[in-house]
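The values are calculated or read from the model by the stated rules, or taken from the named source; none is laboratory data. Quick caveat, the model's predicted, so the values are computed rather than measured. FYI the Cβ positions are ideal-geometry reconstructions off the backbone, even for glycines, and counts take in every protein chain you see.
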Amino acid sequence: MNTKFFILIIFIAIVASFVGFQFFLDENYMSIQTQDEIQKTKLDIKSLFNIYGYEDNFRIKDGKKIWNDPKFELNPENNDLYLELNHSSIENAVVIYPIFTASAYSEPGFYTFFRGECGQECLTDEIDSEYSLDFVASGNGYQVLNLLGYPIITDIDVDQNPAILEKYDKVILLHNEYVTKKEFDAITNHPKVLYLYPNALYAEVEADYEKNTISLIRGHNFPEPEIVNGFDWEFDNSNLEYDMDCKDMGFDRIANGWMLNCYPENPIHQSKVLLQMIKDF
């Protein structure tokens, strides 16, 4: 009798502990969800999309809050516009996300070396595992084109299989500043490329996929100061990347496509005209 009662007490205690633990998990989950909602801030920025800042990922400049890596979402009020601008499979275009460039800009890295703050060991960088939304990685452009249904591949895809570009009628580059020689050849040999950001194809890197790294080989005044473009590319337009206002935005014709004459991180989410030109090119 006492033994059965003792076993019953233990069973009840175990059940109560489990329920209590489950309640703790549920309560903690709800707390996290609520916190995320609080930390998500809709930004008052003129755009064809809804833009959000998250957590405390901002800096103060001239007394104003500047959000880093803002995230874009479709605005239901613009659904009709999106139907006009959405990528169609008939267009058969692809966007190359600049994962090598995003990796090169990490710290310490290439730019730590360029500033003279470390040696050549900084010219080998780990390849990012996630898509950066940074300005230098054309984060706005990537998000907008992704939301509009454009297929996205990365530098890695092209380097490992250059023939992949032959599947597409149109190739759209973002700020693909650092590329491998195989990627450079695949892009420049494609008959229809939209160079959406100036400073693309600026420097040569080598990828080591076993170590998951890239290393600077040539370009950006390395290994000699007089070496500017690592491929000696005749269509280098790096001088235009500092025009971020895009007040006189336009495309220049080159041998295998078109090049935008300014850095379009703001127009890419604000200008229907630009998005229509990207769709129609």
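Tally up the residues in the range 43-77 that are among the aliphatic types (A, V, I, L, M), surrounded by 12 or more Cβ atoms within 10 Å (Cβ to Cβ) and in a strand (DSSP E or B), please.
At the first step, the residues of the range 43-77 found to be among the aliphatic types (A, V, I, L, M) are 43, 45, 48, 51, 60, 66, 74.
Filter again for surrounded by 12 or more Cβ atoms within 10 Å (Cβ to Cβ), leaving 43, 45, 48, 51, 74.
Pick out the ones that are also in a strand (DSSP E or B) and you get 51.
The total comes to 1.
How many of the residues making up the range 25-56 are modelled with pLDDT of 75 or more and either in contact with a strand residue (DSSP E or B) (Cβ under 9 Å, 6 or more places away or on another chain) or farther than 22 Å from residue 148 by Cβ (or both)?
First pass over the range 25-56, keeping only residues modelled with pLDDT of 75 or more: 39-56.
Narrowing the set further to residues that are either in contact with a strand residue (DSSP E or B) (Cβ under 9 Å, 6 or more places away or on another chain) or farther than 22 Å from residue 148 by Cβ (or both) leaves 39-45, 47, 49-56.
Selection size over the range 25-56: 16.
So, of the residues in the range 83-104 that are of a type outside the set (S, T, N, Q) and out of contact with any helix residue (DSSP H, G or I) (no Cβ under 8 Å at 6 or more places or on another chain), which turns out to be nearest to residue 52 (Cα to Cα)? Give the steps one after another, and end with the answer.
Quick first cut of the range 83-104, residues of a type outside the set (S, T, N, Q) only: 83-85, 87, 90-91, 93-100, 102, 104.
Remaining after also requiring out of contact with any helix residue (DSSP H, G or I) (no Cβ under 8 Å at 6 or more places or on another chain): 83, 90, 93.
On the way: 83: 22, 90: 32, 93: 28 Å.
Ranking the qualifying residues of the range 83-104, first place goes to 83.
In contact with a Phe, Trp or Tyr (Cβ under 6 Å, 6 or more places away or on another chain), among the hydroxyl-bearing types (Ser, Thr, Tyr) and farther than 19 Å from residue 257 by Cα - does that describe any residue in the range 113-129? I'd like the intermediate steps shown before the answer.
Pass one, the range 113-129, residues in contact with a Phe, Trp or Tyr (Cβ under 6 Å, 6 or more places away or on another chain): 122-123.
The next check asks that each one be among the hydroxyl-bearing types (Ser, Thr, Tyr); those that pass are none.
Looking for residues that are in contact with a Phe, Trp or Tyr (Cβ under 6 Å, 6 or more places away or on another chain), among the hydroxyl-bearing types (Ser, Thr, Tyr) and farther than 19 Å from residue 257 by Cα, one finds none in the range 113-129, hence no.
Given the criteria touching a strand residue (DSSP E or B) at 6+ places or on another chain (Cβ under 7 Å) and either within 20 Å of residue 210 (Cα to Cα) or in the same structural domain as residue 166 (by TED's automatic domain parsing) (or both), does residue 105 qualify? Reasoning before the result, please.
On the way: touching a strand residue (DSSP E or B) at 6+ places or on another chain (Cβ under 7 Å): no; either within 20 Å of residue 210 (Cα to Cα) or in the same structural domain as residue 166 (by TED's automatic domain parsing) (or both): yes.
For residue 105, the condition - touching a strand residue (DSSP E or B) at 6+ places or on another chain (Cβ under 7 Å) and either within 20 Å of residue 210 (Cα to Cα) or in the same structural domain as residue 166 (by TED's automatic domain parsing) (or both) - is not met.
I'd like the residue in the range 217-265 that is within 23 Å of the chain's Cα centre (by Cα) and charged (D, E, K, R) and, out of all such residues, is farthest from residue 185 (Cα to Cα).
Taking the candidates together, the pick is 245.
When residues of the range 248-281 are filtered for being among the polar types (S, T, N, Q), outside any helix (DSSP H, G or I) and either within 25 Å of residue 182 (Cα to Cα) or modelled with pLDDT of 95 or more (or both), how many remain?
Kept after step one, since they are among the polar types (S, T, N, Q), are these residues of the range 248-281: 256, 261, 266, 270-271, 276.
Among the residues that remain, those that are also outside any helix (DSSP H, G or I) are: 256, 261, 266, 271.
Pick out the ones that are also either within 25 Å of residue 182 (Cα to Cα) or modelled with pLDDT of 95 or more (or both) and you get 256, 261, 271.
Number of matching residues: 3.
Look at the range 184-205 and say how many of its residues are buried (at least 21 other Cβ atoms within 10 Å of the Cβ), aliphatic (A, V, I, L, M), in contact (Cβ under 8 Å) with a residue 60 or more places away in the chain and more than 23 Å from residue 124 (Cβ to Cβ).
Qualifying residue count for the region: 3.
At least 2 residues that are within 28 Å of residue 269 (Cα to Cα) and of a type in the set (A, V, I, L, M) in each: list the helices (runs of 4 or more DSSP H) lying fully within the range 107-217 that qualify. Spell out the reasoning first.
Working: elements: 110-114, 139-147, 155-160, 181-188.
Where helices (runs of 4 or more DSSP H) fall fully within the range 107-217 and carry at least 2 residues being within 28 Å of residue 269 (Cα to Cα) and of a type in the set (A, V, I, L, M), they are 139-147, 155-160.
Taking the condition of a type in the set (D, E, K, R) and at pLDDT 95 or above, does residue 245 pass? Let's see the steps before the verdict.
Numbers: of a type in the set (D, E, K, R): yes; at pLDDT 95 or above: no.
For residue 245, the condition - of a type in the set (D, E, K, R) and at pLDDT 95 or above - is not met.
Working only within the range 224-241, note down all residues that are touching a residue at least 12 places away in the same chain (Cβ under 8 Å) and surrounded by fewer than 11 Cβ atoms within 10 Å (Cβ to Cβ).
If the condition is that a residue be touching a residue at least 12 places away in the same chain (Cβ under 8 Å) and surrounded by fewer than 11 Cβ atoms within 10 Å (Cβ to Cβ), then 239 is the only one that fits.
To keep it simple, each residue is scored yes or no on (1) surrounded by fewer than 21 Cβ atoms within 10 Å (Cβ to Cβ); (2) touching a Lys or Arg at 6+ places or on another chain (Cβ under 6 Å); (3) not hydroxyl-bearing (Ser, Thr, Tyr).
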residue	(1), (2), (3)
132	yes, no, no
135	yes, no, yes
140	no, no, yes
144	no, no, yes
154	yes, no, no
169	yes, no, yes
178	no, no, no
182	yes, no, yes
